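Here's the structure we're looking at; comments come further down.
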Amino acid sequence: MLNRDTVLHIAELAKLTLSDRETALFAEQLSEILAYAERLNELDTDSIAPTAQAIYRRNVLRADEPRPSLTPDQALANAPRREGDLFRVQQILD
Amino acid sequence: MKLHELTIHEALPLLAHGEITSVALTEALLARIAALDPQIHAYLRVTSDLALAQARDADERRARGEAAPLLGIPLAIKDVICTAGVETTAGSRILQGFRPVYDATVVQRLRAAGAVILGKTNTDEFAMGSSTEHSAYGPTHNPWDLERVPGGSSGGSAAAVAASLCLGAFGSDTGGSIRQPAAYCGVVGLKPTYGRVSRYGLIAFASSLDQIGPIAKDVTDAALLLQAVAGHDPQDATSADEPVPDFAQGLADGVRGMRLGVPREYFVDGMAPGVRQMVEGALDVWRSLGAETVEVSMPHTGYALPVYYLLAPAEASANLARFDGIRYGYAHPEALDIWDAYRLTRAEGFGDEVKRRIMLGTYALSAGYYDAYYLKAQKVRTLIKRDYDEALAQCDALVTPTTPNVAFKIGEHAEDPLEMYLEDIFTLSLNLAGVCGISLPCGQSDGLPVGVQVQGRAYDEATILRVAYAYEQATSWHGEHPPL
């Protein structure tokens with residue numbers, strides 16, 4: 001069973017603020033899902049290589065040639081806060 | 001002639017011969033959407049003016065003697081696929097108001113093929129769900145029974161096709177999100193091989209699994225829609241540089257002499273008797289058409305669910321890190337510093353199911369748990385892939401149920417996410433193996449559609465289409481419409 005502190009630690013890694021309701025709910029539901037996942041331990045996989053992508057592709061290369069990309073206005077078109085040609089963000093350093 | 005009832009392959013010659021116009025067809029569908037979609041809620045937004053302009057353009061192109069594969073055909077697009085200038089939300093509050101500045105490659109190709117885009121269809125938030133109940137904009141209702149879910153996450157697209165609110169649609173499938181709603185809604189849904197269709201402009205959920213594909217009224221239409229979008233795209237490094245065959249060409253070649261594998265692990269105790277009966281009936285039909293059915297074993301099938309629900313959330317937790325309230329989407333107005341802004345923006349922007357999966361994925365990737373969960377799941381993925389390699393070496397395609405049950409009631413699994421996840425047990429392994437599959441209607445149980453799934457080798461969509469077409473021509477289920 002995941003405890004409250006673990007849930008809050010994971011939420012911080014994921015940059016999510018959880019309400020008390022969510023913290024309790026996720027502790028219970030994630031515990032249930034992870035308990036279900038324990039059945040993978042029935043399988044001996046010591047000699048099995050992991051699969052990250054089922055249809056493997058080696059490095060996909062292309063010629064390194066300049067080509068058009070988004071204009072500043074396009075790139076900023078959906079920005080919640082804009083200042084000139086920049087994204088405006090909250091304070092990062094104290 | 002009721003224009004909304006036409007299939008794409010029926011409408012194309014009528015358009016070509018000037019018996020109908022794209023404008024008339026589009027107007028008929030828009031009128032039907034206005035009349036019926038308030039009950040169904042298949043669409044998140046209907047772009048009537050744009051659609052009519054595209055239809056007029058298609059009719060003018062025809063008049064000038066131009067031809068294109070889908071010229072004048074009205075389609076619907078799942079709202080996880082970017083459409084330039086048209087709001088694209090992925091069913092999430094965090095993307096409310098987001099207007100992409102470019103079209104997904106699939107949309108570009110559909111426009112080039114002459115298609116008319118009617119609007120954007122509902123989806124579980126970020127395609128995470130099996131019911132379309134997890135849309136921030138309210139659920140979609142199954143046209144066969146408005147109290148039931150249409151499946152998900154491409155439930156809006158499947159419901160729109162089933163209710164004849166478009167001639168065809170596109171969805172995305174990460175663990176069954178095209179095939180499962182197609183089964184629940186009594187339509188055809190095809191998940192192409194990983195890499196067959198470009199994902200440029202698809203809002204990412206789990207990048208090693210996601211694939212865009214068509215939802216259609218019948219198998220021929222599914223082949224036509226796949227044809228229009230398949231093929232290598234330099235904008236998507238995971239798209240495959242493989243030749244694309246003419247999918248319509250071999251469609252009617254039949255199944256005589258084919259070997260269809262029936263994996264015994266898919267016929268489990270928990271499945272509804274009505275589903276089992278219909279799928280076994282479908283196997284009888286294929287045998288009567290000259291196919292041989294052979295029992296095969298895919299021993300790791302039962303492990304696909306835990307593997308999927310570790311790997312997909314892990315990938316999602318990384319993909320959804322991009323939603324930071326800075327470059328696009330919702331931004332919390334009162335955050336004091338950048339960390340506060342991330343936490344509050346994401347807390348308010350994401351719904352419960354998305355948060356649950358981000359949390360699960362973050363946990364599976366976190367220090368101390370990576371080997372036990374993420375790496376373990378990747379290793380079992382290898383075993384599942386081997387099951388496919390071995391089974392598909394013995395036969396031309398595999399036939400299984402698409403889902404263990406028919407469509408469930410809205411709210412039925414609201415308290416227990418694991419129960420909802422279990423609805424995906426027959427569709428997940430295929431994504432883990434990267435191969436292709438199609439679901440098509442094979443009967444009804446208690447008045448609700450049942451789907452049968454044909455799974456095929458990598459890049460062998462032609463075979464599963466041919467197998468599906470043979471069944472469809474011998475039966476009439478694809479012609480059944482919901483009582484609306």
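The values are calculated or read from the model by the stated rules, or taken from the named source; none is laboratory data. These numbers were taken from a predicted model, which means no experiment stands behind them. Cβ coordinates were reconstructed from backbone atoms using ideal geometry, including for glycine residues, and neighbour counts include every protein chain displayed. Keep in mind that these areas ignore ligands, DNA and RNA; they rest on the heavy atoms of the full protein, side chains included. Shrake-Rupley method; radii C 1.70, N 1.55, O 1.52, S 1.80 Å.
Things to note:
- Segment B:190-269, relative contact order [Cα under 8 Å, separation at least 6], %: 30
- Charge tally around B:Gly155: other residues with Cβ under 10 Å, Lys/Arg +1 each, Asp/Glu -1 each, net -1.
- Counting all C-alpha pairs of segment B:1-141, share separated by more than 25 Å (%): 29
- Maximal additional length on extending the B:Ala321-B:His17 stretch stands at 104.3 nm, based on 0.36 nm per residue less the C-alpha distance.
- Cα-centre dipole for segment B:247-399 with unit charges at Cβ (Lys and Arg positive, Asp and Glu negative), debye to 20: 200
- With all pairs of separate Cα atoms included, segment B:78-167 yields a Kirkwood hydrodynamic radius of 13.3 Å.
- The helix-only estimate of mean residue ellipticity at 222 nm for chain B, built from DSSP H runs of length n ≥ 4 each weighted as -39500 (n - 2.57), is -11500 deg cm²/dmol after division by the residue total.
- Taking a ≥ b ≥ c as the square roots of the eigenvalues of the Cα gyration tensor, segment B:424-484 is oblate, since a/c reaches 1.5 or more and a/b is not larger than b/c.
- Check: the protein assembly as shown dipole with +1 on Lys, Arg Cβ and -1 on Asp, Glu Cβ, in debye: 980
- Ratio Rg/Rh, restricted to segment B:243-310 and using Cα atoms, in which Rh is the Kirkwood radius: 1.07
- The reciprocal of the average 1/r between distinct C-alpha atoms defines the Kirkwood hydrodynamic radius, which for the protein assembly as shown equals 23.9 Å.
- Too-long pairs where the Cα-Cα distance tops 25 Å, listed order kept, from B:Lys120/B:Lys191; B:Lys78/B:Lys217; B:Lys191/B:Lys385; B:Lys355/B:Lys376; B:Lys78/B:Lys376: B:Lys78/B:Lys376
- Interface B:A - total buried accessible surface [probe 1.4 Å, Å², rounded to 100]: 5400
- Computed over chain B, the P(r) tail beyond 29 angstrom holds 44 percent of alpha carbon pairs.
- Accessible surface of chain A, 1.4 Å probe, proportion on carbon and sulfur as whole %: 51
- Going from the isolated chain to the complete set of protein chains, segment B:416-435 loses at least 40 Å² of heavy-atom accessible area (1.4 Å probe) at B:Leu418.
- Charged side chains reduced to their Cβ positions (Lys and Arg at +1, Asp and Glu at -1) give chain B a dipole of some 560 debye around its Cα centre.
- Candidates per trypsin sites (Lys or Arg not before Pro) in segment A:4-64, loop by DSSP, up to 16 other Cβ within 10 Å: A:Arg57, A:Arg58, A:Arg62
- Neighbourhood charge, 9 Å Cβ-Cβ cut-off, centred on B:Ser297 and excluding it, Lys, Arg +1 and Asp, Glu -1: -3
- Within segment B:388-484, GluC sites (Glu not before Pro) in DSSP loop having at most 12 other beta-carbon neighbours inside 10 Å: B:Glu415
- Only Cα sites of segment B:303-402 enter the Debye sum here, all with the same form factor; the resulting log10 I(q)/I(0) across q = 0.14, 0.18 1/Å is -0.68, -0.88, listed in q order.
- Among the chymotrypsin sites (Phe, Trp or Tyr not before Pro) within segment B:356-410, not one is in coil by DSSP while having at most 10 neighbouring Cβ atoms inside 10 Å.
- Residue-normalised convex hull volume from the C-alpha trace of segment B:105-222: 93 Å³ per residue.
- Structural descriptor for segment B:392-460: relative contact order 43 percent, calculated from alpha carbon pairs under 8 angstrom and at least 6 residues apart.
- Compared with the alpha-carbon gap, the fully stretched path from A:Leu93 to A:Ser31 is longer by 18.7 nm at 0.36 nm per residue.
- Per-q log10 I(q)/I(0), chain A, q = 0.13, 0.18, 0.22, 0.23 Å⁻¹ (Debye; single scatterer per alpha-carbon; no solvent): -0.95, -0.96, -1.08, -1.13
- Spacing of the modelled spin labels on A:Ala75 and B:Val268, each 7 Å from Cα toward Cβ, amounts to 4.8 nm.
- Relative contact order %, segment B:141-184, counting alpha carbon pairs below 8 Å whose residues are six or more apart: 40
- Evaluated over the Cα positions of segment B:340-484, the convex hull gives a direction-averaged projected area, one quarter of its surface, of 12.7 nm².
- The modelled label-to-label distance between B:Glu60 and B:Asp246, using points 7 Å beyond Cα along the C-beta direction, is 3.2 nm.
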